[in-house]
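Read through the structure below, which is laid out as structure tokens, and then see the notes.
The values are calculated or read from the model by the stated rules, or taken from the named source; none is laboratory data. These figures come from a predicted structure and were not determined experimentally. Quick reminder, even Gly has a Cβ in these numbers, built from the backbone with ideal geometry, and neighbours come from all protein chains shown.
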Amino acid sequence: MDTPDILVELRHVGVAFSAQRRLAGSRFWALEDVSLTLRRGERLGVIGRNGAGKSTLLRVIAGILAPDRGSVRRAPVSCQLLSLALGFTPHLSGRDNAVLSGLMLGLRRRDIVARLPAIREFSELGDFFEQPIATYSAGMTMRLAFSVAIQVEPDVLLIDEVLAVGDAEFQQKSGAALRARMAEGHTVVLVSHDEAQVARLCDRVLWVEHGKSVCEGPRDEVFAAYHRDLHLAGAAPVPSVDGVVA
Amino acid sequence: MRQHLIELVLFSTYAELRAERARSYLGLIWWVLEPALMMGTFWLVFDVIMKSGGPGYLPSLLIGLTLWQWMKSCMTHGGYAIWSNLGLVRQVHLPPLVFPIVAMLSDTVKFFYIFALLVVILWIAGYPPNMAYLALPPLFVAVLLFAAGVGFVIAAVVPLLPDLRFVIEQVLTVVMFLSGVVFSLGNVPSPLREIMALNPVAVIMDASRGILMRGEWPNWVGLGKVTLISIAACLIGAAVVARLAPRYPKLAT
């Protein structure tokens, strides 16, 4: 690495998937040519339309997918995708699932055990914490899942559109917890198609289109270019039901 | 990093066993009841109906099936483990071998329950524990390494070719019949017997019956060869998994 501050650097990265499960099936490139530089303490937002390759990009940064072309350089840091309900098993108690999920997310066992009271508290499950999660409602499961995931403190936190889960009240709480986490000065990569959210939470933005990075830079500059392009592409404003232009 | 993986493997094994126990009404009892039903079937067919068993057939069958069940479940459960965990492989960066190892460890724990029962049954049937039992730990290590070697190789390729599962089940059934699991190789005429005795599974069967029924020390040279072949298979399997690992997260389940 040139600078010690650079945690992750992608250069002209491409990732191809097989179109079908055949021996000689054709391939499609979910990412074609993406470059980015992530420095310590940066909060990078990734924007782009559906199918632009944003989630694939996040999995490359996390080290789950290896690039088929181009290069990825990563400082010796942990990059963890904020995955909800990772490894959850229906017949195990909330407590056991919290430990299992925490281990999968890269926590040491003693760290999870130390955080179990906080997880139980945050999830608002009460005595259900000791019950098998097969007895939980979907909302309760998501509350437990989020409470575990928010305990993980990797060097680089990767978030894919899961800023708020559960009912309205818990959405507020989980969203606030995550924003607090981001504000603590952690290095974060946030993928979202919610522009307002990216604008509020990130200071740098990467714009990805059809698997290619279009531009990367300070938030306002990239957004300006992004909107200019949307406008030029003739994306007609969508009228909402009551006739007000959205 | 390594300690973290050990914690993950051990807790996942505990979780797997616990979840399996909780899934069925009889829970733990099935670990023993299922192999017992299978043993009953073979005993009925080969001893009662076909009368091809001869003296000492029942204990010999019990030993053979107990060990074979352990090997087979390690090979199949371990072999399918990466494939059945592709959902996790897509979401988190973990060494893929974690999944087969967890499956094999939980099958091994189950085996020890069944084996304890087997020892009690053998004792009642007139085959008490003897000094040669001291050879059981190295024998078990050889069995586990052999099953792991085969299991790792299967685990490496099944995610890419899930159709292989249908073939593997059939091949393992053939291997069971060719390895003296349900009948002793002593009944097979020479020179076929010598050829079949080269099979690692047959060596394992022979050694375990010798220890448990006759108090004989195993053929260490034969067992040593099995262990070496198994270690080689483990290394090959692990290498193939490492080689194919970048492709697993891209596969659809």
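Take the residues in the stretch B:17-28 that are outside any helix (DSSP H, G or I) and within 11 Å of chain A (Cβ to nearest Cβ), then tell me which one is nearest to B:Phe112 (Cα to Cα).
Step one: list which residues in the stretch B:17-28 are outside any helix (DSSP H, G or I), which gives B:24-27.
Next, from what is left, pick out any that are within 11 Å of chain A (Cβ to nearest Cβ): B:24, B:27.
Values: B:Ser24: 20, B:Gly27: 16 Å.
For the stretch B:17-28, the residue satisfying everything is B:Gly27.
Would a scan of the stretch B:73-81 turn up a residue that is touching a helix residue (DSSP H, G or I) at 6+ places or on another chain (Cβ under 8 Å), within 14 Å of chain A (Cβ to nearest Cβ), in contact (Cβ under 8 Å) with a residue 24 or more places away in the chain and in a helix (DSSP H, G or I)? Talk me through it step by step, then tell me what you get.
Step one: of the stretch B:73-81, the residues touching a helix residue (DSSP H, G or I) at 6+ places or on another chain (Cβ under 8 Å) are B:73-81.
Those still in the list that are within 14 Å of chain A (Cβ to nearest Cβ) too: B:81.
Pick out the ones that are also in contact (Cβ under 8 Å) with a residue 24 or more places away in the chain and you get B:81.
Filter once more, keeping what is in a helix (DSSP H, G or I): B:81.
Scanning the stretch B:73-81 turns up at least one residue that is touching a helix residue (DSSP H, G or I) at 6+ places or on another chain (Cβ under 8 Å), within 14 Å of chain A (Cβ to nearest Cβ), in contact (Cβ under 8 Å) with a residue 24 or more places away in the chain and in a helix (DSSP H, G or I).
Based on this model, can you work out whether B:Trp31 counts as under 30 Å from A:Leu103 (Cα atoms), more than 14 Å from chain A (Cβ to nearest Cβ) and buried (at least 17 other Cβ atoms within 10 Å of the Cβ)? If you could, list the steps in order and put the result at the bottom.
On the way: under 30 Å from A:Leu103 (Cα atoms): yes; more than 14 Å from chain A (Cβ to nearest Cβ): yes; buried (at least 17 other Cβ atoms within 10 Å of the Cβ): yes.
Against the criterion (under 30 Å from A:Leu103 (Cα atoms), more than 14 Å from chain A (Cβ to nearest Cβ) and buried (at least 17 other Cβ atoms within 10 Å of the Cβ)), B:Trp31 qualifies.
Taking the stated definitions as given, is B:Leu88 within 25 Å of B:Ile154 (Cβ to Cβ) and surrounded by 21 or more Cβ atoms within 10 Å (Cβ to Cβ)?
Working: within 25 Å of B:Ile154 (Cβ to Cβ): yes; surrounded by 21 or more Cβ atoms within 10 Å (Cβ to Cβ): no.
Here the answer is no, as B:Leu88 does not meet what is asked.
Could you grab me the full set of residues in the stretch A:121-144 that are of a type outside the set (Val, Ile, Thr), free of Cβ contacts under 8 Å to residues at least 40 places away in the same chain and part of a helix (DSSP H, G or I)?
Of the stretch A:121-144, the ones of a type outside the set (Val, Ile, Thr) are A:121-132, A:134, A:136-140, A:142-144.
Okay, now just the ones that are also free of Cβ contacts under 8 Å to residues at least 40 places away in the same chain, so A:121, A:123, A:125-131, A:137-140, A:143.
Listed by number, the residues that qualify are A:Glu121, A:Ser123, A:Gly126, A:Asp127, A:Phe128, A:Phe129, A:Glu130, A:Ala138, A:Gly139, A:Met140, A:Arg143.
Only one of these is more than 19 Å from B:Leu178 (Cβ to Cβ) and among the aliphatic types (A, V, I, L, M): B:Leu33, B:Leu67, B:Leu61. Name it.
B:Leu33
Limited to the stretch B:212-247, what total is found for residues that are modelled with pLDDT of 95 or more, β-branched (Val, Ile, Thr) and over 18 Å from B:Met71 (Cα atoms)?
Residues that pass the stated criteria total 3.
Which ones in the stretch A:83-96 are part of a helix (DSSP H, G or I) and more than 8 Å from every other protein chain (Cβ to nearest Cβ)? If you could, list the steps in order and put the result at the bottom.
Looking only at the stretch A:83-96, we keep the residues that are part of a helix (DSSP H, G or I), and these are A:94-96.
Matches in the stretch A:83-96: A:Gly94, A:Arg95.
Is it the case, given these coordinates, that B:Tyr57 is buried (at least 18 other Cβ atoms within 10 Å of the Cβ), in contact with an Asp or Glu (Cβ under 8 Å, 6 or more places away or on another chain) and more than 14 Å from every other protein chain (Cβ to nearest Cβ)?
Values: buried (at least 18 other Cβ atoms within 10 Å of the Cβ): yes; in contact with an Asp or Glu (Cβ under 8 Å, 6 or more places away or on another chain): yes; more than 14 Å from every other protein chain (Cβ to nearest Cβ): yes.
So B:Tyr57 fits the description; yes.
Which numbered condition trips up A:Val77, out of (1) assigned to a loop (DSSP other than H, G, I, E, B); (2) out of contact with any strand residue (DSSP E or B) (no Cβ under 6 Å at 6 or more places or on another chain); (3) among the hydrophobic types (A, V, I, L, M, F, W, C)?
If we test A:Val77 against (1) assigned to a loop (DSSP other than H, G, I, E, B); (2) out of contact with any strand residue (DSSP E or B) (no Cβ under 6 Å at 6 or more places or on another chain); (3) among the hydrophobic types (A, V, I, L, M, F, W, C), just (2) comes out false.
So which residues in the stretch A:104-120 are more than 10 Å from chain B (Cβ to nearest Cβ), loosely packed, with under 14 Cβ neighbours inside 10 Å and without any contact (Cβ under 8 Å) to a residue 24 or more places away in the chain, if there are any at all?
A:Ala114, A:Pro117
Would you confirm whether or not the stretch A:71-82 contains a residue that is out of contact with any helix residue (DSSP H, G or I) (no Cβ under 7 Å at 6 or more places or on another chain), in contact (Cβ under 8 Å) with a residue 40 or more places away in the chain, closer than 18 Å to A:Ser174 by Cβ and within 11 Å of another protein chain (Cβ to nearest Cβ)? Please lay out each step first, then the result.
Filtering the stretch A:71-82 down to residues out of contact with any helix residue (DSSP H, G or I) (no Cβ under 7 Å at 6 or more places or on another chain) leaves A:71, A:73-78, A:80.
Now restrict to residues that are in contact (Cβ under 8 Å) with a residue 40 or more places away in the chain: A:71, A:73-75, A:77-78, A:80.
This time we only want the ones that are closer than 18 Å to A:Ser174 by Cβ, so: A:80.
Remaining after also requiring within 11 Å of another protein chain (Cβ to nearest Cβ): A:80.
Yes, the conditions are met somewhere in the stretch A:71-82.
Out of the residues in the stretch A:61-70 that are surrounded by fewer than 22 Cβ atoms within 10 Å (Cβ to Cβ) and among the small types (Gly, Ala, Ser), state the one that is farthest from the other protein chains (Cβ to nearest Cβ).
Result: A:Gly70.
Has the stretch B:3-16 got any residue that is within 14 Å of another protein chain (Cβ to nearest Cβ), β-branched (Val, Ile, Thr), touching a residue at least 12 places away in the same chain (Cβ under 8 Å) and in contact with a Phe, Trp or Tyr (Cβ under 8 Å, 6 or more places away or on another chain)?
The first filter runs over the stretch B:3-16 and keeps only residues within 14 Å of another protein chain (Cβ to nearest Cβ), leaving B:3-16.
Adding the requirement that they be β-branched (Val, Ile, Thr) leaves B:6, B:9, B:13.
When the remaining residues are screened for being touching a residue at least 12 places away in the same chain (Cβ under 8 Å), the result is B:9, B:13.
Then drop every residue that is not in contact with a Phe, Trp or Tyr (Cβ under 8 Å, 6 or more places away or on another chain), which leaves none.
Looking for residues that are within 14 Å of another protein chain (Cβ to nearest Cβ), β-branched (Val, Ile, Thr), touching a residue at least 12 places away in the same chain (Cβ under 8 Å) and in contact with a Phe, Trp or Tyr (Cβ under 8 Å, 6 or more places away or on another chain), one finds none in the stretch B:3-16, hence no.
May I ask you to list the residues in the stretch B:24-75 that are charged (D, E, K, R) and under 17 Å from the mean Cα position of the chain (by Cα)? So that I can check it myself, show each step before the final result.
Initially, the stretch B:24-75 is screened for residues charged (D, E, K, R), giving B:34, B:47, B:51, B:72.
Result: B:Glu34, B:Lys72.
Report whether or not A:Leu58 is surrounded by 19 or more Cβ atoms within 10 Å (Cβ to Cβ), among the hydrophobic types (A, V, I, L, M, F, W, C), touching a residue at least 60 places away in the same chain (Cβ under 8 Å) and more than 13 Å from chain B (Cβ to nearest Cβ). Before you say what the answer is, go through the steps one by one.
Values: surrounded by 19 or more Cβ atoms within 10 Å (Cβ to Cβ): yes; among the hydrophobic types (A, V, I, L, M, F, W, C): yes; touching a residue at least 60 places away in the same chain (Cβ under 8 Å): yes; more than 13 Å from chain B (Cβ to nearest Cβ): no.
The answer is no for A:Leu58.
Given B:Arg214, B:Arg243, which one is over 30 Å from B:Phe183 (Cα atoms), out of contact with any Asp or Glu (no Cβ under 6 Å at 6 or more places or on another chain) and of a type in the set (Lys, Arg)?
Numbers: B:Arg214 fails: over 30 Å from B:Phe183 (Cα atoms).
Going through B:Arg214, B:Arg243 in turn, the sole match is B:Arg243.
Which of the residues spanning the stretch B:85-114 are within 14 Å of chain A (Cβ to nearest Cβ) and without any contact (Cβ under 8 Å) to a residue 40 or more places away in the chain?
Listed by number, the residues that qualify are B:Asn85, B:Leu88, B:Gln91, B:Val92, B:His93.
Among A:Ser101, A:Ser147, which is the only one that is more than 14 Å from chain B (Cβ to nearest Cβ), assigned to a helix (DSSP H, G or I) and surrounded by 20 or more Cβ atoms within 10 Å (Cβ to Cβ)? Even if it seems obvious, please write down each step before you answer.
On the way: A:Ser101 fails: more than 14 Å from chain B (Cβ to nearest Cβ).
One residue alone meets the criteria, A:Ser147.
Residue-by-condition table, conditions (1) within 20 Å of the chain's Cα centre (by Cα); (2) of a type in the set (Gly, Ala, Ser); (3) closer than 23 Å to B:Ile82 by Cβ:
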{"residue": "A:His91", "(1), (2), (3)": "no, no, yes"}
{"residue": "A:Leu100", "(1), (2), (3)": "no, no, yes"}
{"residue": "A:Leu103", "(1), (2), (3)": "yes, no, yes"}
{"residue": "A:Arg110", "(1), (2), (3)": "no, no, no"}
{"residue": "A:Leu116", "(1), (2), (3)": "no, no, no"}
{"residue": "A:Gln131", "(1), (2), (3)": "no, no, no"}
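Tally up the residues in the stretch A:177-204 that are free of Cβ contacts under 8 Å to residues at least 24 places away in the same chain and among the β-branched types (Val, Ile, Thr), please.
Of the residues in the stretch A:177-204, 0 are free of Cβ contacts under 8 Å to residues at least 24 places away in the same chain and among the β-branched types (Val, Ile, Thr).
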